[in-house]
Every structure is written in structure tokens, then in C-alpha cells.
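Asks: Before I ask anything, here is the structure I am working with.
The values are calculated or read from the model by the stated rules, or taken from the named source; none is laboratory data. Keep in mind it's a predicted model, so treat the numbers as computed, not measured. Quick reminder, even Gly has a Cβ in these numbers, built from the backbone with ideal geometry, and neighbours come from all protein chains shown. The accessibility values were calculated without ligands, DNA or RNA, using every heavy atom of the protein model including side chains. Shrake-Rupley method; radii C 1.70, N 1.55, O 1.52, S 1.80 Å.
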Amino acid sequence: MVKLRINNKEIIAEPGTSVMKAALDNGIFIPHFCYHPALSISGNCRICVVSVKNMPKPVTSCTTAVAEGMEVETENKDIAAIRKSVLEFFLINHPIDCPVCDQAGECTLQDFTYLYGSDHSRFSEEKRTWHTKDVGPLVKLWANRCVLCARCVRFLNEITKTGELGIMNRGDRNVIDTFPGMPVDNPLSGNIVDICPVGALISKDFLYQARVWFMDFKQSVCPMCATGCNITAGVYQGKIKRFAPTKNLKVNQYWMCDYGRLSYKFVHSDNRLTAFLTRSQAGSVTKTTLQESVNILKNSLSGDTAVLASAYMDNEGLTALKTVTDKYGIKNIGCLLKPDGKAQAFGGGFKISHDNNPNRKGFENVFGKAVLDNGYRQVIDAVKTGKAGTLYVINGILDYALPQELIDAAGKVKFLVVQDTHSSALTEKAHLVLPSCTYAEKNGAFTNEQGMEQKFNRLIDPAGAAEPDNIILNQL
Amino acid sequence: MPKTFNAKTMEKFQALSQRYPTKDALLLPVLRLAEEEFNGIDDDAMELVAGLVGVPPAKVMSVFTFYTHYRRAGSGKYLLQVCSTLPCALRGSQEIFEHLKKKLGIDSEETTKDGKFTLKKVECLGSCGTSPVVQINEDYYENLTTEKLDEILNKLQ
Amino acid sequence: MPEKTLLKHTDTPNSETMDFYLSQKGYEASRKALTSYEPAKLIDEVKGSGLRGRGGAGFSTGMKWSFVPKDIFPKYLVCNADESEPGTFKDRALIERYPHSVIEGIIIACWAVQINSAFIYIRGEFTLGAKKLQKAIDEAYQKGFLGKNIFGSKFNLDITVHRGAGAYICGEETGLLTSIEGYRGYPKIKPPFPAIQGLFAKPTVINNVETLANLPYILNNGAQWFKSMGTEKSPGPKIFCVSGHVNKPGLYELPLGTPCMEIINNYGGGVWKNRKLKAVIPGGSSAPVLTAAQAEKLNMDYEAVAAAGSMLGSGGLIVMDETVCMVNALYNLIRFYHHESCGQCTPCRYGTGWLDKILHRMEHGNGKQGDIELMLNICDNMRGKTICVLADAAAMPVQSFIKNFRDEFEYHIKEHKCTVTI
Ligand SMILES: Cc1cc2nc3c(=O)[nH]c(=O)nc-3n(C[C@H](O)[C@H](O)[C@H](O)COP(=O)(O)O)c2cc1C
Ligand code: SF4
Ligand code: SF4
Ligand code: SF4
Ligand code: FES
């Protein structure tokens, strides 16, 4: 290990670490555009200069390795002057269109210019201008705003290895572009929007949706697969406007997939269940209350009840369910799983899990492996053969149509109870429907495929009368 | 239209593959092969090169557009590259350029209607001792005067 | 004229052939190196000769070789034949007219550093040169001077000609390496230096064509012979490239330390059209410009040119007579650097473009008060703040032109026209 001082603070770093990384890891911020901890070092932006004792001039901290006894200063007059000049260079061709730029408020160029920049321009020549265009299904490029940090290019070369973007031309004609007819279209494309330090790469999904300074930011966990990416949700006027990854080196590093990124739309979809409903034998539907529903449910649960619970339920819901099944002596329990997909691995170790359920591990922890593996079959068989009086389905799987065999079998039971987030062929048949909250509307936790329990926070108010699974279950 | 290399070029490509330890390193020489066979490089040629070398087409394009000496598709039969950097400029390269411009009726980076000539102002050709210099396709023409240039152009068919 | 070494035969017909080269003791030096020199001893011999790199930086060649780690394989040698510095055209003559001397130099260097694979990076425009080189290399393979077990020894050596494609920055040694590796010619961050981690991340020696071409003569004639020419710190012959306003522009091989005016007057035939000398750029376009008065006292060796505030660089001597408008000349040079900046570093990418735009405006009569100070400040903001020294190479002309000819810039701004008219 190497001992050095940054701003007089003693720091211990691994040999070979850059001064930049050593500083950032120890809570000392050094301005940077091109440096990204998960990408190769490019050293192109030149703003990350620091002073090192006994070096003749300031050096870029992202390209300078720590050394024993090194004394680094990250702020002084010389450094500020260099940063000011770098920012001036960036701005000579920049359109300075912050009022209509989606990045405004979270733009590195804005922030650093505010800190170090000049309040007037010495550039009186004509600016060079470039294209604004779609570069992929999710991403639009404003090339005029680009600072050519090459983060996007490095991401696509090193992480997805798809290489759809390149820097074209030379010198100040350099510009980011795709090859004609080959857009940025890969499962992680949205990440280039996050790592673009300016408003050059913009999410088409988020475009003109909300000013970032009017949004609330809350931490959550993506429920769309067992990776369990940590995410930051941007909420505006009670609606989720965007998801972005939260750094977690053990789980998702700095990334999330596009599918997860857009999955907030499921929370806001039109077919959310918003009321407690009962359906008579004749088929007429009546609105009811949580209390009334709980009473009905209590009367219909017994030893011959079958329960199907999904691996989209959070640990709180599953634990509450276990108490209920124990209390009523329910033996016929099965797990409702979204079918597996294909695992996808990327550069740097990021993975999209083959397991499309956020909490299979949590289910296993509560009900055991036998129930997880065989329960579903047993329940379906019991229902088909008329052995189950009541079928209680607690679903909540997002972006999924329940299996036809379940829907068919469910018609056979005397009393069908469905607790779900969205209406479905099953809720159309149910005698009692309980609207439940998605992960976005409650606090809870999932256990991801690595067995890590990850808490998520309530982001928005529940849809209508929807309640968290555990709140309902705890009353039974 | 997707392009392919003919057998002879493919042979050269195979020979090149032996000389470099990485596939990426083949990119510049293979672009030369494409330039030679197709007399200029367009998007289809870049796609072909990308496939052969095994890199994304955007990478080929970013490399191709960095280097100014590759012949762009659509260039005239004769590419007239007029050196315009200081040592040539001191000895009349501007006059040479203006002469060509007037004579051919085209500006830099333009091609005559008959597709015969493309004119291009370029930077130092490394022939400052014999300036002014024009590179026509592969060949250097040195110590030029407008008269000499006229003679040369007349010989180009 | 002193006796020529490097250029002795470049005007002789057929000088590029193997037969001719063999008639001039060709490949004796390399044979001698392989048979009677331990690599370490060879490095010492070259160190002892005082040979300094002819590509621009003037770094000791033997010293550079000695930095290469012995125990890492493969290692590479790259011969820098990118020759793109405006005012420089010496390597082209060696390659086209005497390519075997370069190949033999490569063999000697590769033996000294124990390298089995060499590349010659030749600028794309030199089509003829590439062909001649390839032909000479083919001949050398046939003779058994290249390939497996060269000169009957256990030593193998391959040479590959790699053509550039129009990018000055690929003359910068690390830009050159990225270019061979198949990328945009972006210079690399140093350290690591190429001697430790160069081409394909392996230890790499990069030497200029002229540097390598000196080696056969050093081995044939000895380090002492080499040191008998030039000055103590800048020994040996140097090819000076004389261009611009002289009667006889061309290549002149002279000992280092030859006075600038002697080169211009005795060899270059004097300033043309009986005009007066106004300025010289002594070492290729990146070297700071000097006034006629400074040129009068200038000796052309590394130390003396540096002491005069410029650089010997590649030995490209650009001569300007009294009719030259210095604003116009500088504008031309900055247009070059603007065109050639690779664009990866912010200050160089935008600085070169900004300077170009200001000078364009000034040259077209639209200079403004404050432009001079602005340009100088832009140069300050570029120099020493980038990955490679192209930013400095672009800034130095601006700073020196303004320093030495400020009145012309001021006149342009005030009067919206030139002081000189031809
Ligand atoms: C912008 C730039 C351009 C250069 N161009 C050339 C060149 O065209 N030819 C060359 O030999 N060296 C050139 N050099 C110098 C090389 O980087 C390197 O120092 C040289 O090839 C080393 O060889 P030497 O030690 O034999 O001189 C250039 C350097 C810079 C910074
Ligand atoms: S688009 Fe964004 S990420 Fe890509 S180079 Fe430009 S500023 Fe950097
Ligand atoms: S990888 Fe999985 S957890 Fe991560 S964002 Fe995608 S679907 Fe969500
Ligand atoms: S200084 Fe200029 S030429 Fe050199 S690496 Fe930076 S941008 Fe490229
Ligand atoms: S962060 Fe160091 S140069 Fe960009």
C-alpha cells in the first residue's frame, strides 16, 4: 500500500491507483469529465489537474499514479486558472442552450463553469455546429453540446462491446456519430445517457418530462430480474419520470438495463387495480373496502385452501404470508414464477440475470426449496382435481400474463381470491379482488440472486386503494 | 449494395493477417486494399472492411474519417492534391491552386462534372525542397509552374 | 562542400538497388554487428558515438535503447518515416534513393536491442517510397539479410512496411503506435513510455529514418569518426532541409554546428531574387521563428539553436525573405496545426481552431484590438496542458512570430492590411 497526502489528509491507496481515484474514494472531489471509474482512462478533458509537490507543473490526476510520500493539492490559484481555461475552450463552440437542455441542473459543464468559469466569453468568432439526431431507440444526440469525453464510446467498446458510436473526423471537427443505419441498440444503451456528463446524449423517454430540480429523488431496487439493480427514481408530481442506476459495486456497479430503466411504466399503466372488489356468483361486481375484504377472506381460509404466491412479493409480504398459512394450517402452497430468460453478461462483470423474478431467493428463505420447486405443480393439481376449496393467488408480477393452465384451473375452485397489482384474466374471474401495491408504492426488501437483501423505498402514493401485501396479510 | 473483395485482394488480405499480432491492426492496411480495389471508400466498403477485420462499422468510420489521405468514393479519376503549407506557399502554391481552380472550374474538395479531376488543398507533402508540389493520384509533380502543370494535365487522359 | 555520408549516393542512378548498395560495402556493418558485437557492446558503441535522434527531439539514441527491458518479448522497433513536419523532406530522399541504408540501420538497431520484428511507418503520401522500400526489403529477404537466421546467425528479423494515411500527428511516436494498432492516431498518455510499454503494449524502440541510416556508417567507421564531425554535444553529420526563399532549396548534408548563414548562402545559393533575409524557422514548422539578425549569429547544432530560443528539431530550415507578411505566414502554419490536431485534448482541439479563426480574421483585415493578447493567452492555456506536444508545437510559432514581429501584427489590426506588399 502507498501512503500519500491529498489536501493534507493522509490517504492510503493501492499501488497503481490514480490520484483521481484515491481522492474520490476518500471523499475529495476533483472535477472531471472523461474519467469514469468503470471505464479505461482517456485523459482527454484536461480539467482534472492537481498540483503535486516537486512536479514542475500541475498534472492530470486521472493519469497520475499515486506514489509513496506524494503531496497533492486539489485546489489552488494555478489549478483554478487552468480549469477556467479548459472550460473556456469547451464553451467556445458550445451552444449554451441550457434553458432547453434536459441535462440542466445535473450538468457537469454547468456545475464546473459555475465554480471555475468566466462570466463572459472572449470568443467572437462563428461557432461550429453539428447534428441533433436520434442515435438509437432510447437515445438522442445533441452533438453541439458534446465535450468529446469519449465516455459513451468507451462504454460501448468496453462494457457492451457493441461499438455503435465513434468519434468521427479529426481535431475540432471531431463529432460523435453512428455508422449509417446502425443505431445504438443494445440492452444497456440507456447508460450512455447517464454517463454523458453533459446534455449531448439524452433519453428520449425522459425528454422534456421534468426539470430535474423539481423532481424528488429516492432510492429503490429494480424488480425486473434477480440482479436487483439499485436505482434512483426521479419523481415529479406523484409520477415516476425516470430510473437511473445507483452505484453499487457488489450488485450492478454503475449500470442498469434498458428494460429495467423503462419498467416504471408498469407502475403507471392503465390497468392497475385500484379498488377492493367482490364478484357474485352471477358475476356482478361490487366495490368494497379493505376491512370488508379481510373479513370475507378470513371466513374462506382453511386447511383446504391453496395459496399461490409470486416471487415478486417482497420479504415483508412473504413473512406475513407464512404467518397466515401457519395459522390456518394451509399446506398447499406454491410459488408463482415469471419464466426464466437468457442470462447476459457484459464487460466489467455486469449481468442481467436469467431469473426474471426479483425475490426467488426471498421466497426460498421463507417457504423452503421444496415449496419453491414443487409447490406450483401441487397447487395446480389440487385445484384441477377439486381438492382445494379456496384458491388465494397473490401475484404482482410485472409485465407478465399468467399461465393459461392457472386461469383454466382457477375456474374450478369454489372461491377464488386474487391479490394483484394489475387486472388480468384471473382478476376477471375472482370472487374477491384485493388491489396491492407495486414495489414503487411501499417500503420493502427483495433478496437478489446473490442472496443480498436489498431495501427499497416507497416512491409514490399507492394506486387508488391499493395496499402493501403485508398490510393486508397481517390482518388475517 | 454490399461489397466483396475479389480473389486477388482476398489473397493480399490473408497475407496481411500474418504480419500483425492483433486484428485491429489490420484496419489501416485493409482500408488501403479497399481503396485500391474500389477506387475510393464509401459506406459499403467500410462495412466490408468492418466484417473482414472484425470490428464495428462505426469504428471503421471513425478511423477512416480521421485520416485524410484515403481516397473518398466519388473522387475524380485524377485526384489533384495541392500542397498549401508554408514552404510551398512561399514558392507559389497559391498561384498553382488558383490556376487549377480556374482551369477546372472547381474549388477544393470538388470534382469536375466529367468526373476526371478532383481538386484538394492538402497540408505539407514532405517535398518542400522542390515546391510547389502537387500529388496526382500516387505521383508527385515537383518544382511546378503553371505552364508545367498545364502540360501535365494535357497528358492525363 | 564537406564529404557527404548519408546522401553520398542519393543522386547516383540505381542507388536504390541491392547491387549498388553491396558495391558500397553494403550490409557489411550489419554483418559485423551480428558476428562481432555483443548487443550490450553495440549499445555502448552507439552511445559513445553521441548519435542523437534526428526526428526532432535530439535524444541520445544509445541511451533510448538502453531503457528497453531485456527480459520481455516480443519487442518491436518502429522506424518513423512519417516525415510530416513542414519544412522536412530528408527521410523521403533516403527511402526513395538509398533504402538499403535504412534497412541496414534497422538490422543493427534490432540486434542491439534484440528485436525480431520491425515496422516502418511511412506516411501515406509517400507511395513511391513505400514501393521502393518494399522492393529493397524483398531483396534483403532474398539475400538472407532479413527473415530467419539472418547472415547465417540464429537471429531472426522481419520488417513490415506500414503505410500511414494522411495525419501529421502519426509522426508523434505514440500517435504512430496507436495508428499501427489500427486506431485513430491518438497520442498515448506517458508514462508508460514506449521503451517499456509501446506497440501492442510491448517494449518498443522508435527511431527516425535518418537516425537509423547513420548506424551502418558508425559501425563501419567507428564512433571516433562520427565524433570528429559536428560539435562535442551534437556530433555527426546532419541532413539540413532548406526550403523557402533561397536560390537552391534542397538537402544539404553538413556537420552539426554549421552556421545558418553558411547553409543559406554557400549551399542554398543565398536568398533569392536578391532580396534581404527576413526570418528563418530553423527546425521545421514547430520551431520558434528567428529574425535575420538572430540567424546571422546562429550555428546549427542542438545547443546553439536552443540558446537562440528555438529548436534544431528535424533540421528543416525555412527561409523567408523581406516580402513575407508574417501574419500571413503564421496564419498558414496555424491552419496546418488546426488541420492536424488529433483533437483528443480540449485545449489543443479548440485552441488550434480558435487561433486559426483569429488569424484568418486578422489576415482578412478584420483584426481587433486585444487579438494579440488573446492569442498569447490562448497559447499559455494550451502549452504544457495536453497529452502530446502538438499543442506546444502550435503555440510556439504564434508566440515567436508575435515576439519577433509584433509590429506587423499591430499594423494589421490598426490598418487592416499588410505592411509588406509584393
Ligand atoms: C507533433 C509531432 C510530430 C512528429 N513528427 C515526426 C516525424 O514526422 N518524423 C519523425 O521521425 N519524428 C517525428 N516526431 C518525433 C517523434 O515523436 C520521435 O521523437 C522520433 O521519431 C524519435 O526518433 P529519434 O529519436 O530517432 O529522433 C514528431 C513529434 C511530434 C510531437
Ligand atoms: S456524447 Fe456525451 S459521453 Fe459521448 S463524448 Fe460527448 S459528452 Fe462524452
Ligand atoms: S438487470 Fe435486472 S435488475 Fe438490473 S435493471 Fe435490468 S431488469 Fe432491472
Ligand atoms: S495535444 Fe493535440 S495533437 Fe496532441 S494528443 Fe492532445 S489534441 Fe492530440
Ligand atoms: S478526468 Fe482527467 S483528463 Fe479528464
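Asks: Kindly indicate which of A:Q219, A:Q209 is surrounded by fewer than 17 Cβ atoms within 10 Å (Cβ to Cβ), in a loop (DSSP other than H, G, I, E, B), more than 14 Å from chain B (Cβ to nearest Cβ) and away from ligand 3 (no atom under 13 Å from the Cβ).
Replies: A:Q209
Asks: Right, here's the next one. In the list B:A50, B:A34, B:A45, which residue meets the criterion of being open to solvent by less than 10 Å² (accessible area, probe 1.4 Å) and without any contact (Cβ under 8 Å) to a residue 12 or more places away in the chain?
Replies: Only one candidate qualifies: B:A50.
Asks: Would you please name the residue that is farthest from the other protein chains (Cβ to nearest Cβ), looking only at residues in the range C:44-92 that are of a type in the set (S, T, Y) and away from ligand 1 (no atom under 12 Å from the Cβ)?
Replies: Checking each candidate, the answer is C:S49.
Asks: Of all residues in the range A:99-130 being within 13 Å of chain C (Cβ to nearest Cβ) and hydrophobic (A, V, I, L, M, F, W, C), which is surrounded by the most Cβ atoms within 10 Å (Cβ to Cβ)?
Replies: A:L109
Asks: Would you pick out the residues in the range A:131-153 that are away from chain C (no Cβ under 12 Å) and more than 24 Å from A:L262 (Cβ to Cβ)?
Replies: Across the range A:131-153, the qualifying residues are A:H131, A:A143, A:N144.
Asks: Please specify each residue of the range C:341-357 satisfying the condition of being at the interface with chain A (Cβ under 7 Å from one of its Cβ atoms), in a helix (DSSP H, G or I) and away from ligand 5 (no atom under 16 Å from the Cβ).
Replies: C:T352, C:G353, C:W354, C:K357
Asks: It is to be established whether one or more residues within the range A:70-79 are more than 16 Å from ligand 4 (Cβ to nearest atom) and either of a type in the set (G, A, S) or on the phi > 0 side of the Ramachandran plot (or both).
Replies: No, every residue in the range A:70-79 fails to be more than 16 Å from ligand 4 (Cβ to nearest atom) and either of a type in the set (G, A, S) or on the phi > 0 side of the Ramachandran plot (or both).
Asks: If I ask for residues that are assigned to a helix (DSSP H, G or I) and either touching a Ser or Thr at 6+ places or on another chain (Cβ under 7 Å) or open to solvent by 10 Å² or more (accessible area, probe 1.4 Å) (or both), which ones from the range C:379-396 would you list?
Replies: C:D380, C:N381, C:L390, C:D392, C:A393, C:A394, C:M396
Asks: While we're here: Can you pull out every residue in the range A:37-89 that is over 30 Å from A:S124 (Cβ atoms) and either of a type in the set (D, E, K, R) or within 16 Å of ligand 1 (Cβ to nearest atom) (or both)?
Replies: Residues satisfying the conditions are A:K53, A:E68, A:E71, A:E73, A:E75.
Asks: Separate question: For the range B:1-28, how many residues meet the condition of being under 19 Å from C:I120 (Cα atoms) and either without any contact (Cβ under 8 Å) to a residue 12 or more places away in the chain or open to solvent by 20 Å² or more (accessible area, probe 1.4 Å) (or both)?
Replies: 12
Asks: Something else about it: Please work out if C:L359 is touching a residue at least 24 places away in the same chain (Cβ under 8 Å), out of contact with any Lys or Arg (no Cβ under 9 Å at 6 or more places or on another chain) and open to solvent by less than 10 Å² (accessible area, probe 1.4 Å). Walk me through it before giving the result.
Replies: Details: touching a residue at least 24 places away in the same chain (Cβ under 8 Å): yes; out of contact with any Lys or Arg (no Cβ under 9 Å at 6 or more places or on another chain): no; open to solvent by less than 10 Å² (accessible area, probe 1.4 Å): yes.
Against the criterion (touching a residue at least 24 places away in the same chain (Cβ under 8 Å), out of contact with any Lys or Arg (no Cβ under 9 Å at 6 or more places or on another chain) and open to solvent by less than 10 Å² (accessible area, probe 1.4 Å)), C:L359 does not qualify.
Asks: Turning to a different aspect of this structure: Look at the range C:404-422 and say how many of its residues are free of Cβ contacts under 8 Å to residues at least 60 places away in the same chain, assigned to a helix (DSSP H, G or I) and open to solvent by 20 Å² or more (accessible area, probe 1.4 Å).
Replies: Of the residues in that region, 6 qualify.
Asks: Of the residues C:G268, C:G230, which single one is under 20 Å from B:P87 (Cβ atoms), crowded, with 19+ Cβ neighbours inside 10 Å, in contact (Cβ under 8 Å) with a residue 40 or more places away in the chain and not β-branched (V, I, T)?
Replies: C:G268
Asks: Still on this structure, please answer the following. For the range A:263-315, which strands (runs of 3 or more DSSP E) that fit wholly inside it have 3 or more residues that are at pLDDT 95 or above and within 36 Å of the chain's Cα centre (by Cα)?
Replies: Filter on the range A:263-315 gives A:276-279, A:306-310.
Asks: Give the residue that is nearest to C:I318 (Cα to Cα), with candidates limited to residues of the range B:128-155 that are under 17 Å from the mean Cα position of the chain (by Cα) and either in contact (Cβ under 8 Å) with a residue 40 or more places away in the chain or within 11 Å of chain C (Cβ to nearest Cβ) (or both).
Replies: B:V133
Asks: A follow-up question, please. Would you please name the residue that is nearest to the chain's Cα centre (by Cα), looking only at residues in the range C:362-378 that are free of Cβ contacts under 8 Å to residues at least 24 places away in the same chain and in a helix (DSSP H, G or I)? Outline the logic, then answer.
Replies: Let us first name the residues in the range C:362-378 that are free of Cβ contacts under 8 Å to residues at least 24 places away in the same chain, namely C:364, C:370, C:373-374, C:377.
Applying the additional criterion that residues be in a helix (DSSP H, G or I) yields C:373-374, C:377.
Working: C:E373: 31, C:L374: 31, C:N377: 28 Å.
Checked the range C:362-378; the qualifying residue nearest to the chain's Cα centre (by Cα) is C:N377.
Asks: Quick check: is even one residue across the range A:168-179 in contact (Cβ under 8 Å) with a residue 12 or more places away in the chain, away from ligand 1 (no atom under 16 Å from the Cβ), away from chain B (no Cβ under 14 Å) and closer than 20 Å to A:S40 by Cα?
Replies: No, the range A:168-179 contains no residue that is in contact (Cβ under 8 Å) with a residue 12 or more places away in the chain, away from ligand 1 (no atom under 16 Å from the Cβ), away from chain B (no Cβ under 14 Å) and closer than 20 Å to A:S40 by Cα.
Asks: For the condition at pLDDT 95 or above and touching a Gly at 6+ places or on another chain (Cβ under 7 Å), what is the one hit in A:K161, A:K127, A:K77? Before you say what the answer is, go through the steps one by one.
Replies: Values: A:K127 fails: touching a Gly at 6+ places or on another chain (Cβ under 7 Å); A:K77 fails: touching a Gly at 6+ places or on another chain (Cβ under 7 Å).
Unique residue meeting the criteria: A:K161.
Asks: In the range A:139-162, how many are buried (at least 24 other Cβ atoms within 10 Å of the Cβ) and free of Cβ contacts under 8 Å to residues at least 40 places away in the same chain?
Replies: 1
Asks: Sticking with this structure for a sec: Counting residues that are under 30 Å from A:Y208 (Cα atoms) and more than 16 Å from ligand 3 (Cβ to nearest atom), which strands (runs of 3 or more DSSP E) fully inside the range A:52-171 reach at least 3?
Replies: In the range A:52-171, A:132-134, A:139-142, A:165-168 are the strands (runs of 3 or more DSSP E) which contain 3 or more residues that are under 30 Å from A:Y208 (Cα atoms) and more than 16 Å from ligand 3 (Cβ to nearest atom).
Asks: Okay, next question. Hey, could you check the range A:230-256 for residues that are open to solvent by 10 Å² or more (accessible area, probe 1.4 Å) and either within 14 Å of another protein chain (Cβ to nearest Cβ) or assigned to a loop (DSSP other than H, G, I, E, B) (or both) and say which is farthest from ligand 2 (Cβ to nearest atom)?
Replies: Only one residue tops the list, namely A:G238.
Asks: Out of C:S30, C:S15, C:S60, report the one residue that is touching an Asp or Glu at 6+ places or on another chain (Cβ under 7 Å) and among the hydroxyl-bearing types (S, T, Y).
Replies: Exactly one of C:S30, C:S15, C:S60 is touching an Asp or Glu at 6+ places or on another chain (Cβ under 7 Å) and among the hydroxyl-bearing types (S, T, Y), namely C:S30.
Asks: Here is a follow-up. Which residue is surrounded by the most Cβ atoms within 10 Å (Cβ to Cβ), if the candidates are limited to the range A:51-63 and must be closer than 13 Å to A:I6 by Cα and either within 13 Å of chain C (Cβ to nearest Cβ) or among the basic types (K, R) (or both)?
Replies: Taking the candidates together, the pick is A:S61.
Asks: Follow-up. Of the residues in the range A:353-389, how many are under 19 Å from the mean Cα position of the chain (by Cα) and either open to solvent by 20 Å² or more (accessible area, probe 1.4 Å) or basic (K, R) (or both)? Don't jump to the end; show me each part of the working.
Replies: Within the range A:353-389, the first condition is being under 19 Å from the mean Cα position of the chain (by Cα), and the residues that meet it are A:353-360.
Then keep just the ones that are either open to solvent by 20 Å² or more (accessible area, probe 1.4 Å) or basic (K, R) (or both); that gives A:354, A:356, A:360.
Result for the range A:353-389: 3.
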